[in-house]
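J.: Submitted below is the structure of interest, expressed as structure tokens.
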Amino acid sequence: MVRPFRWDPERKVLHLLDQRRLPSAEVWIECAEAHQVGDAIREMAIRGAPAIGIAAAYAVVLGFVRGGGKSPGSRFEDLATALLNTRPTAVNLRAAIARMRARLESLASVSTAERVCTLEAEADRIAAEDLEANRCLGALGAGLLPGEGPARVLTHCNAGSLATSGYGTALGIVRAMAESGREVEVFAPETRPFLQGARLTAWELMADGIPVTLLTDGMVGSLLAGGDMDAVIVGADRIAANGDSANKIGTYQAAVLAKEHGVPFVVAAPFSTVDLETPTGAEIPIEERRAEEIVEIAGTRIAPEGVPVWNPAFDVTPARYITAIVTERGVARPPFADSLARLAVVLRQ
Ligand code: MRU
């Protein structure tokens, strides 16, 4: 199981697997400065909601290892502002920054070395908790698809080990099924325009020996109409308090088609993706990205010069299309306003 980042505690640098180069090359980027991590998040060298939250946490550490000048509080706020501006939809980034802020504020006057040590421990914890959450929600999700025969699962984008601390959310469920001895086959839409399905999901599942079939995004309807899919399982970048879930563009149409064809639609995410401060999907900010991602493929122009482009990176699936939201704290069922609130309270006790 591949992990998309490596923290070097001796040299205090963050290594990021450059996901733009996969699957043709495994290239690691060394980040010694916080702004390099910010650039890697913005340019999607590292991507996936949990993974960018973790990378941002280590970026804060780097900002204190090598940053200088200002007071710790204002240095933190500069870092936070820059990091929060990189990608607006995934709430995990905001949650990770909030945890780092709380940790910093809990420190009285301490030496720089002590401050770095504490922040580093918090970033390590965020990463470790994500891995643990994935294994736990993977096992819970696998329990939703009982049966003996091979399970056929449609996913979207990449919600696997590459998008997290490892193991994955949607693909964590698939991995848990495979580990329990269940045969499972994944259908991965290529996920235009960034091709996370074709490049990343296909690559990481093949590396783990889990059967995967690639299709284009436009084939999802025909696949679901075929009548032999057991579930659609996707990740999320932000889940609003009412269960509306933002995920990679194209998820919404899969959800509508799943309902039409009676296929369960499951969202898998760590609870850090649930944003109870955002009441509904209408309030989730949707990132719009550069036109080049659409008018070019691998650097080759495919559309006429000057054509206007619309490139939202995410869409929102209304809660009414979602069968279950699987988190490490439990499985939420409709009505999600109640079930998600219950999971939040259970944790605080
Ligand atoms: O633009 P990306 O590649 O960061 O989008 C990723 C997704 O939409 C994932 O499904 C989501 O972040 C969940 S990852 C566990």
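Read the figures in this text as sums done on the coordinates, not as results from a lab. Small disclaimer: the values here were computed from a predicted structure and weren't measured. No Cβ is skipped: glycine too gets one built from the backbone with ideal geometry, and neighbour counts run over all protein chains shown.
J.: Criterion first (in a helix (DSSP H, G or I), in contact with a Lys or Arg (Cβ under 6 Å, 6 or more places away or on another chain) and more than 15 Å from the ligand (Cβ to nearest atom)) does residue 61 satisfy it? Lay out the reasoning, then the answer.
T.: Numbers: in a helix (DSSP H, G or I): yes; in contact with a Lys or Arg (Cβ under 6 Å, 6 or more places away or on another chain): no; more than 15 Å from the ligand (Cβ to nearest atom): yes.
Considered against the rule, which asks whether it is in a helix (DSSP H, G or I), in contact with a Lys or Arg (Cβ under 6 Å, 6 or more places away or on another chain) and more than 15 Å from the ligand (Cβ to nearest atom), residue 61 comes out as no.
J.: Look at residue 294 and say whether it is surrounded by 11 or more Cβ atoms within 10 Å (Cβ to Cβ) and in a strand (DSSP E or B).
T.: On the way: surrounded by 11 or more Cβ atoms within 10 Å (Cβ to Cβ): yes; in a strand (DSSP E or B): no.
Considered against the rule, which asks whether it is surrounded by 11 or more Cβ atoms within 10 Å (Cβ to Cβ) and in a strand (DSSP E or B), residue 294 comes out as no.
J.: If you don't mind, another one. Before we move on, is residue 197 touching an Asp or Glu at 6+ places or on another chain (Cβ under 9 Å), crowded, with 22+ Cβ neighbours inside 10 Å, within 21 Å of residue 257 (Cβ to Cβ) and among the small types (Gly, Ala, Ser)? Lay out the reasoning, then the answer.
T.: Numbers: touching an Asp or Glu at 6+ places or on another chain (Cβ under 9 Å): yes; crowded, with 22+ Cβ neighbours inside 10 Å: yes; within 21 Å of residue 257 (Cβ to Cβ): yes; among the small types (Gly, Ala, Ser): yes.
Yes; evaluated as a whole, the condition is true for this residue.
J.: In region 264-291, what residues are in a strand (DSSP E or B) and buried (at least 16 other Cβ atoms within 10 Å of the Cβ)? Reasoning before the result, please.
T.: Pass one, region 264-291, residues in a strand (DSSP E or B): 265-268, 274-275, 288.
Matches in region 264-291: 265, 266, 267, 268, 274, 275.
J.: Find all pairs meeting these conditions: Cβ atoms under 9 angstrom apart; at least six residues apart or on different chains; first residue within region 59-77 and on the phi > 0 side of the Ramachandran plot; second residue buried (at least 18 other Cβ atoms within 10 Å of the Cβ).
T.: 69/75
J.: Right, residue 231: farther than 29 Å from residue 296 by Cα, touching a residue at least 40 places away in the same chain (Cβ under 8 Å) and more than 12 Å from the ligand (Cβ to nearest atom) or not? First the steps, then the outcome.
T.: On the way: farther than 29 Å from residue 296 by Cα: yes; touching a residue at least 40 places away in the same chain (Cβ under 8 Å): yes; more than 12 Å from the ligand (Cβ to nearest atom): yes.
Yes.
J.: I'd like the full set of residues that are surrounded by 14 or more Cβ atoms within 10 Å (Cβ to Cβ), within 23 Å of residue 2 (Cβ to Cβ) and aliphatic (A, V, I, L, M), limited to region 109-139.
T.: Correct list: 123, 126, 127, 131, 133, 137, 139.
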